[in-house]
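Presented below is the structure to which this report refers.
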Ligand code: GH3
Ligand code: MG
């Protein structure tokens, strides 16, 4: 535990009695803490929001707003439920103690204040709170790392599967279309063989970055699906929206101008794309969408690469509603 981080803590002292506030200030400053003061619950809430203290020492009985009401409202403020609240009060009947913990107090000490006990309690509460915050930050970092592809910094396959499943259910509930693009680099094995594996990795990074730029909505997700295969999940996107994005991606990857002497379709690195679009049904799995996009990708390869193809089901449906469609 880093002692320094605790020493620099900000303590919010809330009490209507000026003398108690003064005594608490002196005791806390002696420990190296910075002290701010409030005279009642309302002032406490305002100071909490503007100054974000690390701990609150809260009196129970005060005019304007008492400590119990204040503590309840603190819990609803941003950061309120993770900031320790130590109630310091003359009330020590069972009911008051129970109520203090019910409204979210972390600990309770009674007046007259036993100063060595208070000092230890405050220190312990601050340490626990710092450790909790560190643990939470580490967890968030781990969560992020577990969802990222190390090479391209795009979402990885695990995150892709999770998000596809989540959006499949969401779009099924809303009866909205879900589009999926599978994108595969053309002749990537010959690219590696010609330019080396490191150049291959760099190519994957650049193609990944181009895909990320082509997708604009915050709900779109682009992922590295496999070795040289990428996937884009486009929630609430109709087939023609998906075609437009696929064409943009195809053009932008080609425009990167990554030389590829062994490609038989272009002097530069190109992509083939498979497009599928469905309004999910609750009794059908998201694998149906993946299979359709995969079949369309296969078609794009078979028809000569550097193009997109639409799954036959999506194309049939689009034609059925009177739209014309260009198949790759
Ligand atoms: P197609 O046009 O039909 O897609 O042919 P292709 O050569 O692109 O496809 P194939 O599946 O034969 O080869 C994919 C290659 O991608 C083989 C593999 O070595 C390479 N690859 C997969 N992952 C990575 C990676 O992380 N880095 C590098 N440099 N290459 C990779
Ligand atoms: Mg390939």
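The values are calculated or read from the model by the stated rules, or taken from the named source; none is laboratory data. In this text the structure is predicted, and so the values were computed from the model without any measurement. Every residue, glycine among them, receives a Cβ derived from its backbone with ideal geometry; neighbour counts consider all protein chains shown.
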(request) With the checklist (1) closer than 25 Å to residue 40 by Cβ; (2) in contact with a helix residue (DSSP H, G or I) (Cβ under 9 Å, 6 or more places away or on another chain); (3) surrounded by 16 or more Cβ atoms within 10 Å (Cβ to Cβ) in hand, flag the one item residue 97 doesn't pass. (result) (2)
(request) Would you check which residues across segment 225-242 are within 16 Å of residue 148 (Cα to Cα) and away from ligand 2 (no atom under 13 Å from the Cβ) and list them? (result) 231, 232, 233
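Report yes if residue 76 is more than 30 Å from residue 247 (Cα to Cα), buried (at least 18 other Cβ atoms within 10 Å of the Cβ) and in the same structural domain as residue 54 (by TED's automatic domain parsing), otherwise no.
Working: more than 30 Å from residue 247 (Cα to Cα): yes; buried (at least 18 other Cβ atoms within 10 Å of the Cβ): no; in the same structural domain as residue 54 (by TED's automatic domain parsing): yes.
When the stated conditions are applied, residue 76 does not pass them.
If the requirement is being within 9 Å of ligand 1 (Cβ to nearest atom) and touching a strand residue (DSSP E or B) at 6+ places or on another chain (Cβ under 9 Å), which of these qualifies: 176, 204? Don't jump to the end; show me each part of the working.
Working: 176 fails: within 9 Å of ligand 1 (Cβ to nearest atom).
Only one candidate qualifies: 204.
Looking at 229, 251, can you tell me which residue is assigned by TED's automatic domain parsing to the domain that holds residue 178 and within 16 Å of ligand 1 (Cβ to nearest atom)?
One residue alone meets the criteria, 229.
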(request) Please work out which one of (1) more than 16 Å from ligand 1 (Cβ to nearest atom); (2) under 15 Å from the mean Cα position of the chain (by Cα); (3) buried (at least 16 other Cβ atoms within 10 Å of the Cβ) is the condition residue 143 fails and give its number. (result) (3)
(message) When you scan segment 240-259, do you find a residue that is under 15 Å from residue 179 (Cα atoms), in contact with a strand residue (DSSP E or B) (Cβ under 6 Å, 6 or more places away or on another chain) and surrounded by 14 or more Cβ atoms within 10 Å (Cβ to Cβ), even just one?
(response) yes
(request) List the number of the failed condition for residue 163; all other conditions in (1) in contact with a strand residue (DSSP E or B) (Cβ under 8 Å, 6 or more places away or on another chain); (2) away from ligand 2 (no atom under 16 Å from the Cβ); (3) farther than 17 Å from residue 276 by Cα hold. (result) (3)
(request) Considering only segment 164-207, state which residues are under 13 Å from residue 221 (Cβ atoms) and surrounded by fewer than 20 Cβ atoms within 10 Å (Cβ to Cβ). (result) 165, 166, 170
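Yes or no: residue 181 part of a strand (DSSP E or B) and touching a residue at least 60 places away in the same chain (Cβ under 8 Å)? Give the steps one after another, and end with the answer.
Working: part of a strand (DSSP E or B): yes; touching a residue at least 60 places away in the same chain (Cβ under 8 Å): yes.
Considered against the rule, which asks whether it is part of a strand (DSSP E or B) and touching a residue at least 60 places away in the same chain (Cβ under 8 Å), residue 181 comes out as yes.
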(request) Taking the residues in segment 179-188 that are within 7 Å of ligand 1 (Cβ to nearest atom) and touching a helix residue (DSSP H, G or I) at 6+ places or on another chain (Cβ under 9 Å) as candidates, determine which candidate is nearest to residue 286 (Cα to Cα). (result) 184
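Given 104, 150, which one is on the phi > 0 side of the Ramachandran plot and outside the structural domain of residue 205 (by TED's automatic domain parsing)?
Details: 150 fails: on the phi > 0 side of the Ramachandran plot.
One residue alone meets the criteria, 104.
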